[in-house]
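Each reported figure results from applying straightforward, stated rules to the coordinates on display, with no laboratory input. Fair warning: this is a prediction, and the values are worked out from it, not measured in the lab. Heads up, the Cβs are rebuilt from the backbone with ideal geometry, glycines too, and the neighbour counts pull from every protein chain shown.
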Amino acid sequence: MFRIICRKELLENIRNYRFLLALVICLVAIPLGFTVSQKDYADRRQVYDDTVRDYSESHKTVGDIMQQGGAAFRPPSVLGFLSGGVESILPSSVETLGYITASGANVEFNNTRKIDNPFMALFGRLDLAFIVSTVLAVLVMIFTFNAITGEKERRTLSQIMANPVSRPVAITAKMAAGMTLLAAAFLTGMLAGTLLLVVPGLGPFSGTKIITTLVVGAGVSLLFLFALYNFGLLVSSLTRSSVTAMVTLLSFWVAMAMILPKGSVVVAKILLPAKSQSVVDLEKNQVRYQISNELGAAIVYLTETTPGIKNMTTEEFFKALKAKNPAVEAFEKKQGELQDEFKAKTEAALERIDAEFDLHKAREAALALNLARISPVSCLVNILTELAGTGFMEEAKWRETRTRFKQILDREIASKQHELGFKDMWMSSSDRFNAKAPAPTVPAEPVPLERRLAAVWVDLVLLAIYGLVFFAGAYVSFLRYDVR
């Protein structure tokens, strides 16, 4: 009986054009989204390659970095067609700020990416995450809203159950048939989109890791559709009319796809409020101003308490310094020690403010993420975003890159500055510091797939649980359903 009911469901969905509708939408939306995303990637990759080439040609030696500054660049994500994520706001480079001094290099993030199409920023990208969570979600509702209530309204459900068929077999066959058609339409669209990229040479499918990631993304999408389809069966088995089922499903989708993900951010801000970036910047400016005043007062006190320095004019001071006056040299040394001390104090205070801000923001973001996981849509988007390399794992990776870049500059350049005068560092031929040595570089290191999966295992488990729980609910509800 399972095969008979499954065949009936397959033929019914094919004859009423639901499968045809799903197939056409998947064959249009998925290849179109892949093509647009990959052309955008190709343009940004060209800009990245040109930038790296120009940088490499103009920064061949340590001296070039001393004169022009150093940088490390982040390539665009090759799998951005899975999910655009937060790539548009991720730093595109790490660059030195000002001169590299003996006390170390100062580096900062920079984002040079411009909005290519304002409508893309306004309405969002046509990536796989959007297609599955929005377009295919609506298709699932079309497939399931009258899966049970519709048969009852047509009075065919009572005729089916009048035969020697158990209710568990009937509900399982309905689920299997519907998911088979949806999976067939979705996988056909995925195959068409992949071929459309591979044949003209637009695609990035040159490595097994990329192919594996794409397969995992397709599997996660099917798991999401499985959960949503079972929820549709659950709603259809709990209601008595198709209209009520459709309204309920639409309300659920609006809540899960729009209200809950955005509302989780608001709730997190209320429960764990964190300072804004502008407030933090103001605090850091106040710290700089306060410590600068303290340094000025310390230098004034040093000047007044150093014999022979207090009453010197500026001209006399520099003459004595040029003549290598011991008192003046001692004063200069103590002044340098004071400056180093207060600089370290400033950096420690600023790092403390940044660390506190990052901790509070991380707690707020973690709470928002956990609240959003109540929605299967949020789980799907989070997984696809991390798989695409456009999520928060990539941001964390580039924070590590900034730290590594600074360490290299401090070790290769800043730590050697005491051996030479600053003014002639890049012009000196001293053996102690070769300004013509090759410039240090930091190659971009992508986050391994294993780490990305480890970061989203909770979302994967939740999607599976949602699918099983919704099917169990539909199963139990159909056992008690009045088929008359």
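Observations on the structure shown:
- Note on the stretch 361-407: Cα-only Rg and Dmax are 13.1, 41 Å.
- Other residues within the sphere of radius under 14 Å centred on the Cβ of I270, judged by their own Cβ, net out at +2 (K and R +1, D and E -1).
- By the count of neighbouring beta-carbon atoms within 10 Å, fewest first, R411, R484, R402, R45 end up ordered R484, R411, R45, R402.
- For the stretch 249-406, projected area of the alpha-carbon convex hull averaged over all directions, nm²: 13.8
- Farthest toward positive dipole pole in the chain [+1 Lys/Arg, -1 Asp/Glu at C-beta], among N106, V47, A137: A137
- Counted by neighbouring Cβ atoms within 10 Å, the residues Y466, Y475 run from fewest to most as Y475, Y466.
- Overall form of the stretch 147-282 per C-alpha gyration tensor (a/c, 1.5; a/b vs b/c): oblate
- Enclosed volume per residue, in Å³, of the convex hull spanned by Cα atoms of the chain: 171
- The stretch 321-361 and the stretch 293-318 have Cα centres spaced 17 Å apart.
- For the stretch 17-61, convex hull volume per residue from C-alpha positions, Å³: 40
- The simple spin-label model puts a point 7 Å past each Cα toward its Cβ; for R480 and A396 those points are separated by 4.3 nm.
- Computed over the chain, the per-residue total of -39500 (n - 2.57) for DSSP H runs of n ≥ 4 gives a 222 nm mean residue ellipticity of -22500 deg cm²/dmol, rounded to 500.
- Given charges at beta-carbon only (K, R positive; D, E negative), |dipole| of the chain in Debye: 2140
- Extended-chain gain in nm, criterion 0.36 nm per residue less alpha-carbon gap, E445 and T134: 108.7 nm
- Backbone amide hydrogens, once placed in the peptide plane, bring N325 within less than 5 Å of nothing, excluding anything fewer than 5 places away on its chain.
- Put a dot 7 Å past the Cα of Y289, heading toward its Cβ, do the same for T314, and the two dots end up 2.5 nm apart.
- Footprinting exposure proxy for L157, L387, L302 (fewest neighbouring C-beta atoms within 10 Å first): L302, L157, L387
- Here the contact order of the chain, divided by its residue count and restricted to Cα pairs under 8 Å and six or more residues apart, works out to 29 percent.
- In terms of its C-alpha gyration tensor, the stretch 3-94 has a prolate overall shape, because the principal axis ratio a/c (a ≥ b ≥ c, square roots of the eigenvalues) is not below 1.5 and a/b outweighs b/c.
- When peptides 316-322, 247-253 are ranked by their average number of other Cβ atoms within 10 Å per residue, the highest-first order is 247-253, 316-322.
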